[in-house]
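Reviewing the structure listed below.
The values are calculated or read from the model by the stated rules, or taken from the named source; none is laboratory data. Predicted model only: the values in this text are computed from it and were never measured. Neighbour counts run over all protein chains shown; Cβ positions are idealised from the backbone, glycine included. Surface areas here come from the heavy atoms of the whole protein model, side chains and all, with no ligands, DNA or RNA. Shrake-Rupley method; radii C 1.70, N 1.55, O 1.52, S 1.80 Å.
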Amino acid sequence: MICTMSAAAVAVWLGTVVTILSRSHADRNVYPSAGVLFVHVLEREYFKGEFPPYPKSGDPSNDPITFNTNLKGYPDRPGWLRYIQRTPHSDGVLYGSPTAEHIGKPTVIEITAYNRRTFETARHNLVINIKAAEEFPLPYQAEFYIKNMNVEEMLASEVLGDFLGAVKNVWQPERLNAINITSALDRGGRVPLPINNLKEGVYVMVGADVPFSSCLREVESPHNQLRCSQEMEPVISCDKKFRAQFHIDWCKISLVDINKVVPVYVTRPEPGTGILPEFGEYKPPSESLKSRDYFSDFLITLAVPSAVALVLFFILGYTMCCRREGVEKRNMQTPDIQLVHHSSIQKSSKELRSMSKNREISWPLSTLPVFNPVSGEVVPPIHPDNYETTSMPLMQTQANLQNQITIPQQRPSGDNYVMSTFRRLEVNGIPEERKVAEALNL
């Protein structure tokens, strides 16, 4: 097929290819002025022709397209240039205020368009040729904070023109220029909630060649400064000229007279040649390395800590095993009544363990030991261990046994006395009745 193609067809085909390539890589030149707001809109319609037809179904006129902008040869844009695009279905905007140091230096911005439906890209260059302004900078500059606008809305030529017209009506200058526009988010503002059509806010700086009008000076009055400190709206006579379209926060207005600003000169060190000084010929280390003795390192890192740990181990073992006070010393320092309580608890625990082993016969309550919580006396049952429990009555009469004492008790109804019998116990060689007296005296 290629062999039978005529020369005219080949020429037409080559011309078409060249036309497409030149269209996709064409450079656009713009000529902004230093100190004046520069706005360049990246129109989606302009880049739709760069993408070939896509075979799948879909509306090619509504393809989502995003843009990436950077200085040619660098990963980001210049410091004075910003970019914003809200959604893939809206146009992108490059905006900023070039400075005097960029005058006469062409700035090439690479713009890459991404078709998010077909995943194809198109690229072209934007050449920014910055020229000097007639009067730069303008001596009087005022910065307004507009609360009901986003930055992309303010960058529209119609909206920006309406704002400059309102400022010119209040200020009455001969020359008025928009110097810069900054989003409130770039100044540390917070992202507004998506309710009640809240906006981010935008700062607009304008410059003029005449002093500030009396209306703009009203914000500097003590009365309005007091209202601003109390977070109240100041009273400005010319606010009604903006209120129809722009809600201005007059407490955040900034008025600067460049003629009264003291310039600050920063001395920068002059850059060097970028060539390292001469240090002579490089001498690499020799191939034969000297042997190193690691015995001292071993002693420092392992032997010494191990010896210290061993000494601490012996000290701890001697303290815990060889210096125990013993049970006798503990008993001598413990009150006798506490020892009696402890002994009775131990005996009761042993008896409960022994009773739990044989659960066929339940002992009557009257045959269990009696414990006096005041004296610590324990009275065992009167029957022996081999006593026949089947014929044992529920209530028994205790006879006087060995080591028992009888204590008379008065009846509540009269002067008659009854005799209560307790077993006499000795703790550490001291009769228990003495312990009872001591406990009652407490």
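Of the residues Met149, Met332, ranked by 1.4 Å probe accessible area with the largest first, the sequence reads Met332, Met149. Which value in nm describes the separation of the simple spin-label points at Arg330 and Lys240, placed 7 Å from the Cα toward the beta carbon? So the two model labels end up 9.8 nm from each other.
If r is the Cβ-Cβ distance from His89 to Leu255 and R0 is 56 Å, what FRET efficiency results, to the nearest 0.05?
About 0.90, to the nearest 0.05.
Past the 21 Å Cα-Cα mark, which pairs from Lys168/Lys252; Lys168/Lys240; Lys147/Lys241; Lys168/Lys260; Lys168/Lys241; Lys240/Lys260? Lys168/Lys260; Lys240/Lys260, as the Cα separations exceed 21 Å there.
The residues neighbouring Asn150, those whose beta-carbon lies less than 10 Å from its own, together hold a net charge of -1 under the Lys/Arg +1, Asp/Glu -1 convention. Sorting Tyr282, Tyr140 on solvent-accessible area from highest to lowest, probe radius 1.4 Å, gives Tyr282, Tyr140. Computed from the C-beta positions of Glu174 and Lys48 and an R0 of 41 Å, the FRET efficiency is 0.40 to the nearest 0.05. Dipole of segment 233-339 (Lys/Arg Cβ +1, Asp/Glu Cβ -1, origin at the Cα centre): which of Leu302, Asn259, Pro284 lies farthest to the positive side? The one lying farthest along the dipole's positive direction is Asn259. When +1 charges are put on Lys and Arg Cβ atoms and -1 charges on Asp and Glu Cβ atoms, the dipole computed for segment 73-227 relative to its Cα centre reaches about 440 debye.
Of the chymotrypsin sites (Phe, Trp or Tyr not before Pro) in segment 35-132, the ones in a loop by DSSP (not H, G, I, E or B) with at most 12 other beta carbons within 10 Å are Phe119.
Can you tell me the length gained on complete extension of the stretch Tyr282 to Gln346, counting 0.36 nm per residue apart and subtracting the Cα distance?
Details: separation 64, 0.36 × 64 = 23.04 nm, distance 8.83 nm.
So the chain would gain 14.2 nm between Tyr282 and Gln346.
Placing R0 at 60 angstrom, the Cβ-Cβ distance between Val308 and Ser356 gives a FRET efficiency of 0.70 after rounding to 0.05.
The gain in end-to-end length when the Thr319 to Lys199 segment is fully stretched comes to 35.6 nm, 0.36 nm per residue minus the alpha carbon separation. Size descriptor for segment 140-260, Kirkwood hydrodynamic radius: 15.0 Å (Cα pairs only, one decimal). Extending 7 Å from Cα along the Cβ direction at Arg217 and again at Thr121 yields two label points whose distance is 5.7 nm.
Across the protein chains, with a 1.4 Å probe defining accessible surface, the residues Ile345, Ile258 rank Ile345, Ile258 from largest area downward.
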